[in-house]
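The values are calculated or read from the model by the stated rules, or taken from the named source; none is laboratory data. Bear in mind that the values here come from a model prediction, so they are computed numbers and not experimental data. No Cβ is skipped: glycine too gets one built from the backbone with ideal geometry, and neighbour counts run over all protein chains shown.
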Amino acid sequence: MAAWTDLPVHDPGDGVLELANFLGIRPFKGDLDTVRLYAAALDDEAIHALWDEQRRAVRTLAERVAPHDLPLGLQHSDVFFSSRWGRPNALEAVKAFGANRVVWVYTSDAAWVKSMHDAGASVEGAINSIPRVKDLSAYTVDLDGTKLVAPWMVDFDRKDPVKWGCCNQPAFCEAVLAQAKATLGAGADWLQYDDGALNVSAHEWGGCFCDRCMAAFREYLAGLPAEQVKRAGIESLDGFDYRQWLAAHDVKDAATYKQRRRTLPTEPLFEDWLRRTVRSYFATLRQQLDQLAGRRVPLSLNANLQNPSAAFLADQADLLIGETWSEALEDVAVCSAAAEALVRPQVTSPYPFHVQDTRLALAATYATGLFFLVPWDVWMGAGTKERYFGTVQEYGDLYRFVREHAALLDGFATPAVVGLLVDLDHYDAVRVRRAAIRLLKARVPFALLPVGHRYVQAELDAKRLARLDLVIVACDAAVLAEADRAVLSTAAVLVAGDGDPLAVDLTPLAPVEVWGPPGVRALPRVKPGGRTLAIHVLNRNQREPHGPVAPLKYVSVGLRPAAQLGPKVARAVWHAVGAEPVAVEPEELPGLLRLVLPEVREWGILEVEFTAPG
């Protein structure tokens, strides 16, 4: 705050008003905020009243994190491992990688499950959408009556590929429960449901048009307002059969349907029903599983929150374990923010085409609070049935680093300064990704603020907004629910669109500065109310595509006041993968604490512990 004394006589003319330019030769190059003009000079009392009214206390990073616990007793230092079919040599690999969560295993072998339990690991069995039963009524069909097959399943058996189940068929539901009974009976603690989108996925290939689906779709339409049904081109529901309606509109076979379905007025309703019928299936299945086991059975789904719109089932599961589609840092960060916002931990299953790229993705995943499945016995994607078996020599040092630094991982979270408002009902991945790229470049920690009311129920929380400095609206605010728009309009926080460039400078919002090449990222993590700051430093400067990173000497990390969790630094230690801890001496600069790191390879954690006030 500044007060101007010895005021000159004012100029009564009508010239141009110019602020902050002394004698026209020393222009002010900073930012001006809340400029006001008054008809008379304000006295000291009035100036202090304005200052007290408008000033905002500087929030520390620890004050920005809401108290939270991961479900199922999970910790951020957990290591997840999968042996898809209970391989005999899996136990040796589990011990070598230090894994304590064995997941996504198709097994009914009680002795194999016990061996994992004896090694200190929980075990998750697996069930899926392809039950392999002889009763053909269990499977989805297209308009031609052809049983549907997932494109990637053709690679496993080209002569007789496994067909895709229909969640509205009793034969399918019974087969899934039989699978679950076998693996739970063997002692599995949790269950993974592979390909859980079921009929929603089948719709991409032309189905499902079985009798039970058609009857269920008609029942769904009957529950909608009559005007909405008529706008879709359906005049009457008496004896309505969607297959007949399509034929009457020149869609008489599966090929024509796949070609034209996006243009049909009925398709938004059909797609909405598909999602609701799959959600209903899982709600029923979870009740059946709990009854079968006599306890609450934790359930995970094969899904990845890099695109939250694909996770319309997220609230039906306790966690998500799914293949990742991108190793880019912005996509990993969005996935982490979505997992934290929806309280659904995410385990990413990689496509490890290149060892060094996979190592960087592993480091970024744990640095943002997610889990990275050990690259051992993992599928390599459509077009192959081969599986990948990474070695301890390739990845073991990273997992040892995770397990040995549990104290700097468990309970820590991203202290968001900015919130990305996203509409789960109309998710715009391009806008969200664009904003995430800019925030990461500006070194500004962010959270996802998901709102949705169609499938996953999520409302905008005024208390959550109060811990932020800025909300970026990465969606069409006009279509948000009235209650969400009301919370946004009354929030005491700056709101901006996601245009590029944004209408607000992000630079002052960064709590941490970095002096180093552009590929160095510093991601702060803290515990709610804690005094220890854990800054994950990632070096993504590869010497060549898919090649090793270039080790960097003397990268500096600067802590602005908001990142300082106490009056003084009690200790600062640099923990790097494959290296001994090194004490770091902080250097006090004006408005900044500078810490110089001895060497940054792929990943390290700068631990800064602050003293308590007083």
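Assorted remarks:
- Total residues in region 101-146 satisfying the condition of being in contact with an Asp or Glu (Cβ under 8 Å, 6 or more places away or on another chain) and of a type outside the set (Lys, Arg): the figure is 14.
- Exactly one residue out of 510, 534, 492 is of a type in the set (A, V, I, L, M) and over 25 Å from the mean Cα position of the chain (by Cα), and it is 492.
- Cβ-Cβ distances below 7 Å connect the following pairs, each with a first residue in region 590-614 that is on the phi > 0 side of the Ramachandran plot, a second residue that is part of a loop (DSSP other than H, G, I, E, B) and surrounded by 15 or more Cβ atoms within 10 Å (Cβ to Cβ), and a separation of six or more residues or different chains: 591/560.
- Every pair of residues 6+ apart whose Cβ atoms lie under 6 Å, when the first sits in region 484-496 and is over 21 Å from residue 435 (Cα atoms) while the second is surrounded by 15 or more Cβ atoms within 10 Å (Cβ to Cβ): 487/460
- The residues in region 380-413 that are under 23 Å from residue 91 (Cβ atoms) and in contact with a strand residue (DSSP E or B) (Cβ under 6 Å, 6 or more places away or on another chain) can be counted, and the count is 4.
- Scanning region 580-596 for residues that are more than 15 Å from residue 408 (Cβ to Cβ), of a type outside the set (D, E, K, R) and surrounded by 13 or more Cβ atoms within 10 Å (Cβ to Cβ) yields 586, 592, 593, 595, 596.
- Taken as a whole, the structure leaves residue 168 outside the set of residues that are under 21 Å from residue 140 (Cα atoms) and either among the acidic types (Asp, Glu) or under 27 Å from the mean Cα position of the chain (by Cα) (or both).
- Checklist (1) out of contact with any strand residue (DSSP E or B) (no Cβ under 7 Å at 6 or more places or on another chain); (2) small (Gly, Ala, Ser); (3) buried (at least 24 other Cβ atoms within 10 Å of the Cβ) applied to residue 462, failing item: (3)
- Condition met for residue 394 (touching a helix residue (DSSP H, G or I) at 6+ places or on another chain (Cβ under 6 Å), farther than 28 Å from residue 447 by Cα and acidic (Asp, Glu)): yes
- Qualifying residue in region 549-557 (condition: at pLDDT below 90 and surrounded by fewer than 20 Cβ atoms within 10 Å (Cβ to Cβ)): no
- When residue 163 is tested against (1) without any contact (Cβ under 8 Å) to a residue 40 or more places away in the chain; (2) buried (at least 19 other Cβ atoms within 10 Å of the Cβ); (3) not in a loop (DSSP other than H, G, I, E, B), only condition (3) is not met.
- Restricting region 295-323 to residues that are surrounded by 22 or more Cβ atoms within 10 Å (Cβ to Cβ), out of contact with any Lys or Arg (no Cβ under 8 Å at 6 or more places or on another chain) and over 24 Å from residue 189 (Cβ atoms), the residue that is modelled with the highest pLDDT: 306
- Filtered residues of region 137-162 (kept if over 23 Å from residue 247 (Cβ atoms) and at pLDDT 95 or above): 138
- The residues listed here are 215, 175, 180, 202; of these, the one that is assigned to a helix (DSSP H, G or I), in contact with a strand residue (DSSP E or B) (Cβ under 6 Å, 6 or more places away or on another chain) and closer than 21 Å to residue 135 by Cα is 180.
- Scanning region 356-402 for residues that are among the polar types (S, T, N, Q) and farther than 26 Å from residue 341 by Cα, we see that the one that is farthest from the chain's Cα centre (by Cα) is 393.
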